[in-house]
Structures are given as structure tokens and as C-alpha cells.
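The values are calculated or read from the model by the stated rules, or taken from the named source; none is laboratory data. On a predicted model such as this, the values are computed, not experimentally measured, just so you know. Here Cβ is always computed from backbone atoms with ideal geometry, including for glycine, and neighbour counts include all displayed protein chains. Accessible surface is based on the protein model in full, side chains and every heavy atom, while ligands, DNA and RNA are left aside. Shrake-Rupley method; radii C 1.70, N 1.55, O 1.52, S 1.80 Å.
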Amino acid sequence: MKTIVLTGGGTGGHVIPALALLPQLKKHFEKILFIGSGGIEKRLAEEAGLPFFSVRCVKLDRQNVLGNVKIPFLLAQGVSDCMKIYEKEGPDVIFSKGGYVSLPACFAAKRKGVPVVCHESDYTMGLANKIASRFAAKTLTSFPATPGGVCTGNPVRSEIYGGSRDRALKKYLLRPDKKTVLICGGSQGADAINKTVYEALPELTEKYNVLHVAGKCGDFSVKNTDSYRQIEFANDFPDLLAAADIVVGRAGANTLFESASVGKPILCVPLPKGISRGDQLLNAEEFKKNGYADVLPQEDLFAESLLYKIETTLKMKPPVLDSAKTCENIVREILSVIK
């Protein structure tokens, strides 16, 4: 009876790809568990029907160096939490999608001699995956140019291919005679994008439907109309994607790979370096180079530039990214490290 522990979180981008593996994982593992904190990973894992174990986690604070003094102590507590879970559940392998919440599970696995497989979605490795990859049995990457791992691509949910445009337009009461712009800033939202969208809304809705996934930083006093609908979080993203003629958002790997897998042109507004480690800039440039996307730097983001770039990106005819075998290939790599 094989058991696998999935770990990762902090944002949906660390969780959704892991959950995309479930149909393939269920063919080989009788028990699938999720370890994380009490963040978005808890909600998403439980919605997927997985037993969830919450452990103590700590995030590196790049702005407050002195605040990081507590990291070794809290990390040790999180490792202890995981060790207790492993004693009871007896996992055969740990699959880590990164994010600070994954480190206790990975360090505990090292202590117990349980193999770890890391997967990095972005063009460059995040800190947690950099650390865990030093002792991981295998490190997998989404981009061929990412060093230090086996390139498998990024897991894409099978339901992405089954979305319905009609269902989305009916649910959100939008006009079927207009092209639809899907704007999303990731699970946390994107304040800079949101503010520009609100400013450009009269011109945008004159020509297009706008489906706006605004996140927690959205201004929900802005009224919905028959050409504009704002929501905080999308539980029906496959339908939104099916309705979209263009996707506008950050350049998180999950949104990029899912949008490209159904052939949608993408306008990326990547998080600037300094706010992030610069991974989204590299993700966006790689997708642009391969014909899937165009890029609008945040420093050039204004109502006028957004309107212009949406119009020009809509004229693109991007290739469809072949992601059909990605989940199967990743699970094969996971199975290869089990003794």
C-alpha cells in the first residue's frame, strides 16, 4: 500500500499543479496526503478530498532581516510536526511543489530517509526548492533552460480542457456578442493591474466583456454590468478560460501553462524584480519567445498601454502547448525513486 505526501503552498501556484497530478497519482498510490500550513493549500486540498495536516511553518522576511532570527526555532518545530505524521502514516515518497511551507516536510523526510521529489514551476528555482533540491532524490522543472533538474513541463489540470464558454457567459450575465478579456492576478490578486483595469473600464467594456478575477485586493464597490464581472477567486477557472479570447495577468507559471495549453493568447504583466525574485519576468520572456504571449512591463502599465496591448495581443495566433502527457511523466519520475 503506497503512500505519497504532497506539500507546498503559500499561493495557489504552489498547490494547483500538485493537485493536477491526482488522477495519475490515484492509479499508483492508495493514500495521498497533503502537508502545509493553514493557508490556501488547506482549502484547496480539502476541496480535492485529501486528508490535510497542518504544521508550523515560517516564511523568510526579505524586508526585516532581524525578524528571521526565529526561523531555525519555528522550522525545527515544523520538522517535529512532520516527523510525527510520518511515524503514523509511513509515506513512501514526498512530492514538493515548493514555497516556504514545504521545507518542514522535506527536512523531516531527509531525517526519515524518505525520498523527496521537488518540482519547480518557474524559470528559476525558488528558495525552498533550491534548498530541498540539494538532498532530493529528483528535481523536476517546467522549463528546459532551468538548470539542475529533469524537464517535465508544468502539471495542467485535466478539467482545463473541459471548460464551457456558454456556461461562463450565462453564469456571469455577460454579452455573447462581444469578445471576452479574462484578467487575473493570481490567487493573491494584483493591485497594479486592478487599478489600471478600473481606470480603463469605460473603454474596455465598450468593446469587450471583462471577466476580472481581482483577488483580495479588488475594489468590490465597482459595479458589475452586462460587460463587466468582478470576482475575488475563480472556482470555475476552466469555464473562464474557455470564455476568454485573451488572458491578461501576471506571469505565474500556472496561468501561463494552463492558458497556453488551450491556445489562448496571453498578455503578461510580470511582477517586477525587487517585488519578486524576478522569476515572472523570465517566465514571461520565455513564453513570448515561443509565441504564446506578449509582455507589458509594470512600469509601462497605464490605461492607454493596456488597451493598446490587449488589441494587439488579440491578433496573435499562438500555438497550442502540448501538456497532455505532463502529469503522467511527472508521476513516472516520482515512482522511479521509490525503493
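When the stretch 280-302 is filtered for residues that are surrounded by fewer than 19 Cβ atoms within 10 Å (Cβ to Cβ), touching a Leu at 6+ places or on another chain (Cβ under 9 Å) and in contact (Cβ under 8 Å) with a residue 60 or more places away in the chain, only Gln298 remains.
Within the stretch 206-226, the residues that satisfy the criterion of being polar (S, T, N, Q) and not in a strand (DSSP E or B) are Ser221, Asn224. Taken as a whole, the structure leaves Gly67 outside the set of residues that are within 19 Å of Thr139 (Cα to Cα), touching an Asp or Glu at 6+ places or on another chain (Cβ under 9 Å), small (Gly, Ala, Ser) and modelled with pLDDT under 95. Do you know which residues across the stretch 292-306 are of a type in the set (S, T, N, Q) and out of contact with any Pro (no Cβ under 7 Å at 6 or more places or on another chain)? Listed by number, the list holds a single entry, Ser305. If you go through the stretch 160-171 and keep only what is open to solvent by 10 Å² or more (accessible area, probe 1.4 Å) and either within 15 Å of the chain's Cα centre (by Cα) or free of Cβ contacts under 8 Å to residues at least 40 places away in the same chain (or both), you end up with Asp166, Lys170.
Here Val262 meets each of (1) of a type in the set (Val, Ile, Thr); (2) open to solvent by 20 Å² or more (accessible area, probe 1.4 Å); (3) over 24 Å from Leu140 (Cβ atoms) with one exception, condition (3). Does Glu203 count as closer than 25 Å to Leu301 by Cβ, outside any loop (DSSP other than H, G, I, E, B) and either free of Cβ contacts under 8 Å to residues at least 24 places away in the same chain or open to solvent by 20 Å² or more (accessible area, probe 1.4 Å) (or both)? Taking the combined requirement at face value, the residue satisfies it. Checked against the criterion of being open to solvent by less than 20 Å² (accessible area, probe 1.4 Å), more than 20 Å from Arg250 (Cβ to Cβ) and touching a helix residue (DSSP H, G or I) at 6+ places or on another chain (Cβ under 7 Å), the candidates Leu174, Leu182, Leu140 yield just one match: Leu140. Which of the residues belonging to the stretch 150-159 are buried (at least 20 other Cβ atoms within 10 Å of the Cβ) and either at negative phi or in a helix (DSSP H, G or I) (or both)? Answer for the stretch 150-159, where residues must be buried (at least 20 other Cβ atoms within 10 Å of the Cβ) and either at negative phi or in a helix (DSSP H, G or I) (or both): Thr152, Asn154, Pro155, Val156, Arg157.
So which residues in the stretch 18-44 are at pLDDT 95 or above and buried (at least 18 other Cβ atoms within 10 Å of the Cβ)?
Ala18, Leu19, Ala20, Leu21, Leu22, Gln24, Leu25, Phe29, Ile32, Leu33, Phe34, Ile35
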